[in-house]
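Participant: Here you go, one structure.
Rule-based calculations on the coordinates, nothing more; no lab input. All values derive from a computational prediction rather than experimental measurement. Using ideal geometry, Cβ is built from the backbone for each residue, glycine included, and neighbour counts are taken over all protein chains shown.
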Amino acid sequence: MSKNFLQKVRNQRLIVSVFGSVLLVAITAVGVYSIFFTKGDISKASGVTPTITPSVQNVSTAATISAAFTTSVALPIGSQIQFAYNSTYTGTVTTANITVNGTAPSAVTNATASGVTTSTLTTAAVITSGSTVTVATTAAALTTPVSAGNYTFSVKTPADFGANFQYVGQANVVNVTAFVPINLSFLIRNTGDTANTNVCDLGTASTTAVATCSYRLKVSTNAANGYTISAQASGSLTNGTDVITNAVAGTAGTGGTNIVSGTETYGAVITPGTITGVAGTITLASAFNAGATNSVLYTPAAPTVILTANKPNSPTASGATTTTSLVTHNLGISSNTPSGSYTQSITYTVAPSF
């Protein structure tokens with residue numbers, strides 16, 4: 001290359017293409033710098049998959065948007081990178097609101113065709129081969145479309161090209177729905193949970209033994225938060241105007257009355273059992289939770305919660321003696337207890353907690 005030729009092209013950039021190689025000659029006021037790209041280097045050019053950030057964004061939202069990819073060749077100053085996106089993104093890309101690896105491009109031109117806006121960026125810094133190229137807008141540069149959709153962002157350099165999605169407004173989301181039918185049943189069962197019953201027969205009372213009878217409250221429900229059982233009594237255990245003396249109320253694990261033979265007292269013991277729901281528990285209300293095996297006052301005049309389960313419960317079809325609640329009525333009489341037929345009615349209600 002002659003001295004006269006160099007003088008003519010001083011302060012200019014000359015790219016000479018020859019078969020099998022590309023010669024880039026950078027001529028400045030202080031000298032000549034040459035970078036050779038062999039045919040083998042050019043063959044490295046390939047498709048890339050840029051990473052779009054954020055990959056998910058709301059509709060009508062302004063935010064920093066970036067596309068990052070790995071370049072297969074070096075990109076000298078003055079290279080052009082095309083950054084393309086759907087034209088329903090509002091805003092205009094300029095040298096003031098977009099960067100390439102943190103540096104503003106020296107020029108930006110925008111063109112829209114077939115619903116795609118292409119911003120061509122002229123680089124202002126050298127990018128080395130194999131490095132990450134990040135094209136990033138500022139937060140105010142582009143605003144996402146008003147309609148949800150899966151929108152393509154693409155990049156193209158003299159060597160590489162590729163595209164990826166920005167998912168706007170969850171257009172890429174499939175909402176799978178199902179309804180699990182409600183399961184709710186309530187039965188009053190005998191002590192062994194082998195048959196339904198509405199009778200608790202204390203039999204013929206004696207001053208030498210405590211009379212007892214029992215039954216089970218069997219609730220099955222898939223209510224997520226369990227259920228409550230309430231009880232309402234017709235009154236005390238009575239025979240006309242004759243009323244059996246009642247036990248006292250429980251007090252959160254204490255209290256109640258130890259019913260013994262020969263002493264007139266009537267009350268009930270509630271054994272809540274367990275529950276099938278994972279980590280589920282059944283808790284007795286304070287007034288029905290007595291100490292040890294003591295009986296409690298069992299004459300609620302209005303529907304009163306006696307226990308609360310906090311998870312679903314699915315007792316077995318029959319013989320569920322652990323996942324049902326056992327109610328045991330106890331009666332002691334004295335020699336002075338008036339004779340006759342004594343009765344009391346207890347009405348139970350269940351409230352599921354969905």
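Participant: Please state, as a whole number in µm²/s, the translational diffusion coefficient that the Stokes-Einstein equation yields for the stretch 184-352 at 4 °C and 1.567 mPa s, with Rh defined as the Kirkwood radius across alpha carbon pairs. All intermediate terms of the calculation are to be shown ahead of the outcome.
Facilitator: Numbers: Rh = 16.3 Å.
Taking Rh from Cα pairs, D becomes 79 µm²/s.
Participant: Oh, and also: Among DSSP bridges having both ends in the chain, what percentage is antiparallel? Round to the nearest 5. Can you show the working numbers first?
Facilitator: Working: 99 of 104 bridges.
Close to 95 percent.
Participant: So, one more: For T343, project a label point 7 Å along Cα to C-beta. Then give me every residue of the stretch 212-252 with its amide nitrogen under 18 Å of that point.
Facilitator: In the stretch 212-252, the label zone of T343 (backbone N under 18 Å from the point 7 Å along Cα→Cβ) covers 232-244.
Participant: Over all directions, how big on average is the projection of the convex hull of the alpha-carbon atoms in the chain, in square nanometres?
Facilitator: On the way: hull surface 125.6 nm².
With every direction weighted equally, the projected area is 31.4 nm².
Participant: At 0.36 nm per residue, and after removing the present C-alpha to C-alpha distance, how many nm does the segment from S234 to N110 gain when stretched out fully? Don't skip to the answer; put the middle values down first.
Facilitator: Working: separation 124, 0.36 × 124 = 44.64 nm, distance 8.62 nm.
Value of the extension gain: 36.0 nm.
Participant: Starting from the 7 Å offset along Cα-to-Cβ, what nm value, one decimal, do you get for the label separation of S261 and A302?
Facilitator: 4.1 nm
Participant: Let me have the 222 nm mean residue ellipticity of the chain computed from DSSP H runs of 4+ only, each contributing -39500 (n - 2.57), with the sum over all residues rounded to the nearest 500.
Facilitator: Details: 2 runs with 10 residues, N = 354.
The helix contribution divided over the chain gives -500 deg cm²/dmol.
Participant: Still on this structure, please answer the following. Tell me, what is a quarter of the convex hull surface for the C-alpha atoms of the stretch 227-302, in nm² with one decimal?
Facilitator: Numbers: hull surface 24.4 nm².
Mean shadow area of the hull around the Cα atoms is 6.1 nm².
Participant: Using a Förster distance of 22 angstrom, determine the FRET efficiency expected from the C-beta separation of T254 and T207, and round it to 0.05. Before the final figure, lay out each step's value.
Facilitator: Numbers: r = 28 Å, r/R0 = 1.28.
Computed FRET efficiency for T254 and T207 comes out at 0.20.
Participant: Compute the label zone of S87 within the stretch 108-143: residues whose backbone N is under 13 Å from the point 7 Å along Cα-to-Cβ.
Facilitator: 110-119
Participant: While we're here: Between T95 and T191, what is the label-point separation in nm under the 7 Å Cα-to-beta-carbon projection?
Facilitator: 9.7 nm
Participant: What nm value, rounded to one decimal, do you get for the distance between D242 and A351 when each label is placed 7 Å out toward the C-beta?
Facilitator: 3.8 nm
Participant: Right, something else. Taking R0 as 35 Å, what's the FRET efficiency between A125 and Q170 from their Cβ-Cβ distance, rounded to 0.05?
Facilitator: Working: r = 37 Å, r/R0 = 1.06.
E between A125 and Q170, to the nearest 0.05, is 0.40.
Participant: For D193, what charge total do you get from the other residues with a beta carbon under 13 Å from its beta carbon, if Lys and Arg give +1 and Asp and Glu give -1? Write out the running numbers ahead of the final one.
Facilitator: Details: positive: R189, R216, K218; negative: none.
Net charge in that neighbourhood comes out at +3.
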